[in-house]
Amino acid sequence: MQHEIRQDDGEALVAKDARHVLHPWADLSALGTGTSLVVTEASGVEVVDAAGRKYLDAIGGMWCVTVGYGRQELVDAMSAQASRMPYFTPFADVSNEPAAELAATLAELSPGDLNRVHFTTCGSTAVDSAVRIAHLYFAAQGRPEKRHVLSRTDAYHGSTYLGASLSGKEADRTRFHYENEWVHHLESPGYDPDTSPVTAAERLAGLLEGMEAAIAALGADTIACFVAEPVLASGGVLVPPPGYHEATRELCRRHDILYISDEVVTGFGRLGHFFASEARFGIVPDLLVTAKGLTSGYQPLGAVLISDRIADALARTADPAKPVFSNGFTYSGHPVACATALANIEVMRREDVCGHVRDVGPYFVGRLRELRASPIVAAVRGDHLMACVECHVPGESGPTLRNQALAARVDRHCETSGLLVRPFENLCIMSPPLVVTKGEIDRIVDIMADALARAERDLRDEGIG
């Protein structure tokens, strides 16, 4: 971190950002008046802002920085490929070396027969593509009526028109338009044994009964696919009860509904495996979506992994008049992005990053669970290196306005102490780089504990709680 930005330069950057940038999920009522945290440098698990302040990044960028910031191997791979050939069209019968090598590597890493890869630009476009492939699969079989899609409340699948329609987070539903005719949301599957009034078996039975009822109401002959995150990430790190994924996979198989596993967050090590679907949850989906950690966030890249059964059926039933697979993007299989992904996978394998996550992940969740002693913590939940702390004003539950304000206050106290967490409603969500050490985990928990104590004192001083 050698580059220095003077204080006045930092203030100028913040002003330029406020005047000209429309951020994702920005508060439109404050447009032009915000003071965004402008990050200028990063190394390891830390980032530095325009004023020179250093922070431990417990967000991992946005769930995606797996091998940490400043990895020269990835930078070298990007530079070498850009020098050799920065770009060429990916369409039809044209490819490039990194894309071909990466597709073969992903097929090797993936479960079951997920051996065909369709490259996209990010997770949102990968989810879109997976659903379109499901539609094409059934249409090619003469069953175009199988077009309805099952998703879940609290799910997040992207911000394209279709991705946003599939997402089930109520807070994200604003004045945009959404597809409501053939996208349907099942009950949120989260189960927290610390707070649930029912057993895991009872919760699972209720969820399956609800899914069966939805299939019966719509008619299995109208449903193309079910889209599911193994752990609902942005919706609040919601972990389904044991056996949920195996049971829903069997329901889909029984009713000829394609199962799409959205591993944009859980893939590439966050749960201790390159892919979590089979290794952690015992299923092999029909299609699997990945992005984020695929390149450790160093380049934008997404992919849909498609089973041989689906790909072979598409080839066998192609329309002789119009056989073209009319889905793709200018930057599909971008050579620089694919070269970066290959370097990222090499680092992860060489350093056994997944093994490291399996070692430190339980420690991370265990240390965070110590925070349940705070009277303003309603719950702590997570799985390996994805977790959240749910805040509440004593006596209140859920994402009430006061609970959301409290979580935002905890977030501010963390930031002033050099820790970045992600506030969502009344949650403080964390997904640190996968190379985080136990010592750095201790720092995260210690700062969070102090922030909670300061926020609790704030409430007492204000006569609340």
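Miscellaneous remarks
- Criterion applied to ALA247, ALA214, ALA201 was being under 13 Å from LEU186 (Cα atoms) and in a helix (DSSP H, G or I), and the one residue passing it is ALA214.
- Subset of the range 441-465 (residues that are within 24 Å of VAL347 (Cβ to Cβ) and either of a type in the set (Lys, Arg) or surrounded by fewer than 20 Cβ atoms within 10 Å (Cβ to Cβ) (or both)): ARG443
- Members of the range 291-305 that are open to solvent by 10 Å² or more (accessible area, probe 1.4 Å) and in a loop (DSSP other than H, G, I, E, B): GLY297, TYR298, GLN299, PRO300
- CYS388 buried (at least 18 other Cβ atoms within 10 Å of the Cβ), within 25 Å of the chain's Cα centre (by Cα) and assigned to a strand (DSSP E or B): yes
- Residue in the range 61-79 that is more than 28 Å from PHE268 (Cβ to Cβ), in a loop (DSSP other than H, G, I, E, B) and touching a Ser or Thr at 6+ places or on another chain (Cβ under 7 Å) present: no
- Test: VAL47 is in contact (Cβ under 8 Å) with a residue 60 or more places away in the chain, in the same structural domain as PRO433 (by the TED database), β-branched (Val, Ile, Thr) and not in a loop (DSSP other than H, G, I, E, B): yes
- Residue under evaluation ALA134, criteria (1) open to solvent by less than 50 Å² (accessible area, probe 1.4 Å); (2) out of contact with any helix residue (DSSP H, G or I) (no Cβ under 8 Å at 6 or more places or on another chain); (3) part of a loop (DSSP other than H, G, I, E, B), criterion not met: (3)
- Condition broken by ILE5, with the remaining ones in (1) at pLDDT 85 or above; (2) of a type outside the set (Phe, Trp, Tyr); (3) surrounded by 15 or more Cβ atoms within 10 Å (Cβ to Cβ) satisfied: (1)
- Yes/no for LEU368 being touching a strand residue (DSSP E or B) at 6+ places or on another chain (Cβ under 8 Å), part of a helix (DSSP H, G or I) and either touching a residue at least 60 places away in the same chain (Cβ under 8 Å) or farther than 30 Å from VAL131 by Cα (or both): yes
The values are calculated or read from the model by the stated rules, or taken from the named source; none is laboratory data. Not measured: the values here are computed from a predicted model. Because the Cβ atoms are built from the backbone with ideal geometry, glycine has one as well, and the counts that use them run over all protein chains shown. SASA here: full protein model, heavy atoms, side chains in, ligands and nucleic acids out. Shrake-Rupley method; radii C 1.70, N 1.55, O 1.52, S 1.80 Å.
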